[in-house]
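This report concerns only the one structure given below.
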Amino acid sequence: MSNQSGADGTVLKVHAVSKKVSSPDGSLTILSDVSFDVSRGETVAIIGPSGAGKSTLLALLAGLDLPSDGAVTLNGHNLGELDEDGRARVRADSVGFVFQSFHLVPSLNALENVMLPLELAGVDDARRRSNDIIERVGLAERWSHYPSQLSGGEKQRVAIARAFSTEPAVLFADEPTGNLDSRTGETIMDLMFDLNRNSSTTLVLVTHDSKLAERCDRIIALDSGKLASDTRAAA
Amino acid sequence: MRPLNFAVRSFGRELRSGEVLVLLSAVILAVGALTAVGFLTDRIGKAVTRQANEVLAADLRLRSKDPIPQVWRSLAADNSLQTATTTSMPSVVFAGDNSALSGVVAVSDGYPLRGQVRLTSELFGEQRVAEGIPPPGEVWVESSLLARVGADVGDTLGVGELDLTISAIVAYRPDQSVGFTSFAPTVLINDEDLAATGLVGEGSRVFRFLLVAGNEGDIEAFRDALDDDDVPAPTRVNTAEQSSERAFSAADRAKRFLSLTAVISLLLSAVAVAMSARRFALRRMDTVALMKSLGATQGFVIAVSLVQLVFLGIIGVAAGSAIGFAAEAALSLILSDIIAADLPDPGLMPVILAGGSAFVLLLGFALPSLLQLRETPPLRVLRHDAMPP
């Protein structure tokens with residue numbers, strides 16, 4: 001909705017971020033000294049084995065959690081300097097999500113699920129905009145269906161429509177094809193990349209799928225909580 | 001978006017999806033129980049109040065073991081008071097070969113001085129207000145007596161040595177609950193027929209009353225005059241206040257008993273509200289985490305929860321009151337054999353009290369669970385084990 005990326009076009013700045021949690025065995029480091037920048041419109045895949053800290057990094061990037069050390073700047077806002085409500089406002093303004101388990105509200109139909117972030121952001125023509133986007137994801141005939149009446153692929157289409165409905169500066173996707181068969185997953189990713197191209201949204205994608213990662217402009221690999229590599233696709 | 005708008009929309013959706021039905025049912029149950037009892041006690045209370053001044057059929061009732069002294073009548077007349085007499089006695093009455101114990105009440109002109117006698121011409125027929133007292137040669141009886149002796153209006157009833165024609169059925173008389181006659185069906189006869197029945201004689205168990213009515217000052221003056229040493233003292237003096245106190249006391253006991261059942265319902269409902277609110281909050285936690293991840297602030301979550309709680313209360317009170325009203329109607333029907341009087345329409349006070357109780361229940365037992373939702377970490381959308389602190 002708003003774009004406050006830096007003069008250099010950086011929309012996401014990650015500086016020396018660490019995340020430690022306490023466990024019965026003492027302090028456990030999940031992420032250690034991770035730094036990178038993401039430019040506006042870039043598509044970035046974060047890959048790594050299970051337990052590498054991918055989802056933790058995604059949570060920190062989106063302001064869902066705070067780092068133990070370091071700083072995350074999202075669309076010009078240093079998330080560590082904001083309280084929870086401040087971070088929520090930044091998310092409302094700049095962020096969209098697509099989750100592995102869809103996270104649709106079961107009591108809302110497809111259209112109402114898409115309308116949710118628009119209503120929270122106080123957009124006046126939420127219904128019209130939601131109708132447009134739901135048509136673009138190919139669910140015009142199923143807008144009134146509830147999540148329980150939709151297939152996994154259809155649920156993820158609704159989730160993608162919801163994520164793009166606010167035209168966010170950054171879209172975070174956590175294993176978006178993780179609960180889909182390979183064919184449906186491919187279709188869903190085609191849709192997501194198409195929408196991303198058309199809206200110039202920055203896409204940050206956590207995935208295990210190397211084929212999917214290769215479709216991104218850039219691949220950031222994590223291993224044991226550390227940045228193992230940061231590779232850009234050949235132009 | 002304003003929380004109110006969002007709360008209205010999302011509440012409609014949640015109502016439609018059935019997510020709030022358990023919590024709503026608990027509120028409806030509480031309000032229904034409270035209003036049912038409230039309506040019933042309210043109606044009984046109003047009936048008692050309405051009848052309080054009628055329970056003696058007079059403002060003052062003097063009992064005498066002998067025939068009513070003429071001096072009492074003279075003193076009443078001197079104080080511009082109205083008077084009438086009733087003479088009551090138990091007696092077996094006959095209709096053909098059938099007989100039944102009854103309470104024979106001989107009344108004089110003017111009876112009742114307060115309230116009205118209502119009659120019907122047939123069992124369960126339309127009631128009318130009696131004009132005057134039974135004419136000589138006729139008798140008015142309560143319906144239960146007709147059933148006991150197998151008689152009907154128009155038949156002959158033997159009262160003592162006198163045969164009288166049953167000309168009406170007594171549906172209601174103001175002083176019907178006073179004295180032994182409440183245990184046996186009443187037979188109302190004209191005082192002029194009393195001597196011919198032969199029921200009053202040496203050793204007969206007779207209750208003689210002088211009924212007195214008038215304004216308060218005159219009554220007081222009359223009572224003062226009765227204290228004169230030259231005036232025969234009544235064996236008992238009943239005032240409307242004393243009688244209504246008894247009636248109120250009975251109504252109060254009934255009210256307390258019914259209120260106890262309402263309190264038990266309320267306690268059970270409180271548990272139900274607390275449990276269903278907790279369940280509702282747990283189920284809602286994922287939605288709140290999602291809303292927060294999409295940009296909802298803590299204040300927004302609280303405001304939405306509060307508005308929805310108010311909606312829940314309003315719907316619960318409206319639906320519960322309707323159910324309570326219907327339940328009270330059913331209760332009144334079941335108790336119609338015990339509650340002789342026609343109950344007045346209920347007021348709005350039970351709804352106000354039950355509504356207040358419902359909101360106290362919601363605020364006390366449901367609000368804490370819903371308020372805890374604001375602490376739901378948005379991280380829960382990625383880590384399902386993330387819980388409010």
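The values are calculated or read from the model by the stated rules, or taken from the named source; none is laboratory data. Predicted model, so just to flag it, every value in this text is computed and none were measured. A quick note on method: Cβ atoms are made from the backbone with ideal geometry, for glycine too, and the neighbour counts reach across all protein chains shown.
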Being of a type in the set (A, V, I, L, M, F, W, C) and either facing another protein chain (nearest Cβ under 9 Å) or under 15 Å from the mean Cα position of the chain (by Cα) (or both) is the requirement here; does A:L57 meet it?
yes
Would you say A:R128 is free of Cβ contacts under 8 Å to residues at least 24 places away in the same chain, in a helix (DSSP H, G or I) and more than 7 Å from chain B (Cβ to nearest Cβ)?
yes
Confirm whether A:V72 is within 12 Å of chain B (Cβ to nearest Cβ) and over 14 Å from the mean Cα position of the chain (by Cα).
no
Does B:A386 meet the test of being of a type in the set (G, A, S) and part of a helix (DSSP H, G or I)?
no
Just checking, how many residues over the stretch A:157-216 are aliphatic (A, V, I, L, M) and farther than 20 Å from A:S55 by Cα?
5
Verdict on B:I323 being in contact (Cβ under 8 Å) with a residue 12 or more places away in the chain and in contact with a Gly (Cβ under 9 Å, 6 or more places away or on another chain):
yes
Would you check if there is a residue in the stretch A:1-22 being within 24 Å of A:S200 (Cα to Cα) and either within 14 Å of chain B (Cβ to nearest Cβ) or assigned to a helix (DSSP H, G or I) (or both)?
yes
Subset of the stretch A:82-94 (residues that are within 13 Å of the chain's Cα centre (by Cα) and either closer than 13 Å to A:P147 by Cβ or more than 8 Å from chain B (Cβ to nearest Cβ) (or both)):
A:S94
Of (1) among the aliphatic types (A, V, I, L, M); (2) outside any loop (DSSP other than H, G, I, E, B); (3) over 28 Å from the mean Cα position of the chain (by Cα), B:V105 satisfies all except one. Which?
(3)
Return only the number of the condition from (1) part of a loop (DSSP other than H, G, I, E, B); (2) out of contact with any Leu (no Cβ under 8 Å at 6 or more places or on another chain); (3) within 28 Å of B:L81 (Cα to Cα); (4) charged (D, E, K, R) that B:E126 does not satisfy.
(3)
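Conditions tested, residue by residue: (1) touching a His at 6+ places or on another chain (Cβ under 9 Å); (2) at pLDDT 90 or above; (3) closer than 19 Å to B:A233 by Cβ.
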| residue | (1), (2), (3) |
| --- | --- |
| B:L40 | no, no, no |
| B:A47 | no, no, no |
| B:S64 | no, no, yes |
| B:L75 | no, yes, yes |
Mind telling me which of the residues A:S107, A:S101, A:S50 ends up being surrounded by fewer than 23 Cβ atoms within 10 Å (Cβ to Cβ) and away from chain B (no Cβ under 13 Å)?
A:S50
For the stretch A:23-46 the number of residues that are under 11 Å from A:V204 (Cα atoms) and in contact with a Leu (Cβ under 8 Å, 6 or more places away or on another chain) is 6
Take residues that are within 30 Å of A:V21 (Cα to Cα) and polar (S, T, N, Q) and tell me which of the strands (runs of 3 or more DSSP E) falling wholly in the stretch A:156-235 contain 2 or more.
A:226-232
Quick check on this structure: which one of B:T239, B:T287 is surrounded by 17 or more Cβ atoms within 10 Å (Cβ to Cβ) and of a type in the set (V, I, T)?
B:T287
Could you grab me the full set of residues in the stretch B:280-296 that are in a helix (DSSP H, G or I) and at the interface with another protein chain (Cβ under 8 Å from one of its Cβ atoms)?
B:D286, B:T287, B:L290, B:M291, B:K292, B:S293
Evaluate the stretch B:339-347: report whether one residue or more is in a helix (DSSP H, G or I), at pLDDT below 90 and either surrounded by fewer than 18 Cβ atoms within 10 Å (Cβ to Cβ) or touching a strand residue (DSSP E or B) at 6+ places or on another chain (Cβ under 8 Å) (or both).
no
Let me spell it out: the conditions are (1) assigned to a strand (DSSP E or B); (2) away from every other protein chain (no Cβ under 14 Å); (3) free of Cβ contacts under 8 Å to residues at least 60 places away in the same chain, and A:T29 meets all of them except one. Which number is the exception?
(3)
I'm checking my understanding of the structure. Among residues of the stretch B:9-42 that are over 39 Å from the mean Cα position of the chain (by Cα) and either crowded, with 19+ Cβ neighbours inside 10 Å or away from chain A (no Cβ under 11 Å) (or both), which one is nearest to B:G320 (Cα to Cα)?
B:E14
Between a first residue in the stretch A:89-109 that is over 19 Å from B:Q298 (Cβ atoms) and a second residue that is at pLDDT 90 or above and of a type in the set (K, R), which pairs have beta carbons less than 7 Å apart while being 6 or more apart in sequence or on different chains?
A:F102/A:K155; A:L104/A:K155
Here the residues within the stretch B:204-222 that are touching a strand residue (DSSP E or B) at 6+ places or on another chain (Cβ under 9 Å), surrounded by fewer than 17 Cβ atoms within 10 Å (Cβ to Cβ) and of a type outside the set (G, A, S) are B:R205
